[in-house]
Amino acid sequence: MSFHLDSLDKRILAILMEDARTPFVEVARRCRVSGAAIHQRVQKMAEEGVIAGSRFQLDPKGLGLMTCAFIGIQVNLVSTTTHDEVFERIKKIPEIVECHHISGKYSLLVKLYTQNNEHLKKVIVEQIQSIPEITFTETFISLEAGFERGLPVL
């Protein structure tokens with residue numbers, strides 16, 4: 001069962017999604033309620049799993065990571081290996097920032113950032129394709145992100 005968001009909850013989330021560092025006092029001023037009300041609402045939404053933490057969002061280009069790529073990965077398990085074991089090996093590759101178990105042609109879809117195409121090739125060949133259970137990969141290089149956004153607050 002999902003948590004019901006009222007109009008105040010939605011306004012709070014919209015403000016905090018724009019800038020998670022906005023002080024609760026400022027959120028309260030903009031919502032025309034008390035700071036305690038904001039604190040209680042945010043705490044309740046966190047307890048209900050609506051809010052899953054907060055973090056700084058790093059800019060990959062600011063860190064010198066100029067290539068973003070998505071890789072479809074086919075996994076063929078041998079009798080002694082589990083899907084989770086392969087997943088754990090993928091998880092140890094620091095350039096990979098997302099990994100999704102998917103349906104269709106591939107078992108996994110990963111998103112990664114590298115310094116350049118040469119670095120990308122090295123990660124693919126030396127780290128990803130060196131996992132014996134990985135039988136095929138297909139790489140899609142992102143030319144630029146059209147947009148990125150958080151979930152809509154409906």
So which of GLY104, GLY72, GLY150, GLY64 ends up being in contact (Cβ under 8 Å) with a residue 24 or more places away in the chain and either in the same structural domain as ILE12 (by TED's automatic domain parsing) or in contact with a strand residue (DSSP E or B) (Cβ under 9 Å, 6 or more places away or on another chain) (or both)?
GLY72
Is it true that VAL110 is at pLDDT 95 or above, surrounded by 17 or more Cβ atoms within 10 Å (Cβ to Cβ), out of contact with any Ser or Thr (no Cβ under 8 Å at 6 or more places or on another chain) and under 30 Å from LEU13 (Cβ atoms)?
yes
With the condition kept exactly as written, say whether any residue in segment 73-83 is assigned to a strand (DSSP E or B) and among the small types (Gly, Ala, Ser).
no
Scan (1) in the same structural domain as SER130 (by TED's automatic domain parsing); (2) part of a loop (DSSP other than H, G, I, E, B); (3) not hydroxyl-bearing (Ser, Thr, Tyr) for the single condition ARG21 breaks and write down its number.
(1)
So which of PHE87, PHE24, PHE70 ends up being closer than 30 Å to SER7 by Cα and surrounded by 12 or more Cβ atoms within 10 Å (Cβ to Cβ)?
PHE24
For segment 120-138, the count of residues that are assigned to a strand (DSSP E or B) and surrounded by 16 or more Cβ atoms within 10 Å (Cβ to Cβ) equals 2
May I ask you to verify whether VAL50 is surrounded by 12 or more Cβ atoms within 10 Å (Cβ to Cβ), over 29 Å from THR114 (Cβ atoms) and modelled with pLDDT of 95 or more?
no
Considering only segment 16-49, state which residues are in contact with an Asp or Glu (Cβ under 8 Å, 6 or more places away or on another chain) and closer than 30 Å to VAL110 by Cα.
MET45
Expected output for segment 1-15 (first residue surrounded by 15 or more Cβ atoms within 10 Å (Cβ to Cβ), partner of a type in the set (S, T, N, Q), Cβ below 9 Å, 6+ apart or cross-chain) is ILE15/THR22
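The values are calculated or read from the model by the stated rules, or taken from the named source; none is laboratory data. Quick caveat: nothing in here was measured; it's all calculated off a predicted structure. FYI the Cβ positions are ideal-geometry reconstructions off the backbone, even for glycines, and counts take in every protein chain you see.
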